[in-house]
């Protein structure tokens, strides 16, 4: 009987811990974003000024797996309007093809030079495909984007792996969109 009660209590605690509230999920997303930015600033100090001077930014933490000829990944993140300090909670899904095998965790940071680019990303979602090698710098006032890649007009991307700043930035059929549950 004692074992049954103990098992019931453990299950109850596990279910309670698994059922996080909306506010807990939001706080967790903001905390992960802050930790990711701290890692980026350490790996590429010039990125801090670039992000501070931008219209906004988005930070995603993702995991992916690839087995033989197909793979995919998913992640969560936040988009932040630097002017209004408005935080939008977002999701990411990825599909990839090509031969390979493995799993990896990675973080992607987008920097938006204009409010229009930020709003388009947040409100329309965004699909990205392709790959580019990082090494870009802007000369006009917004700070250095060295170590970032230009992915569209006014949008720069940094990508971090567990080992630091990625040398190649990839999107591989990636879709970014608002998290319907956390933005209500």
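In nm, give the distance between the simple-model label positions of residue 95 and residue 183, each being 7 Å from the Cα along the Cα-to-Cβ direction.
Placing both labels 7 Å beyond Cα along the Cβ direction yields 2.2 nm.
Pull out the extension gain between residue 104 and residue 41, defined as 0.36 nm times the separation in residues minus the alpha carbon to alpha carbon distance; nm, one decimal.
Here the segment from residue 104 to residue 41 would lengthen by 20.5 nm.
Any read-out appearing in this document is the output of simple, stated calculations on the displayed coordinates, not a laboratory observation. Model, not experiment: these values are computed from the prediction. Here the Cβ is made from the backbone with ideal geometry for all residues, glycine too, and neighbour counts use every protein chain on show.
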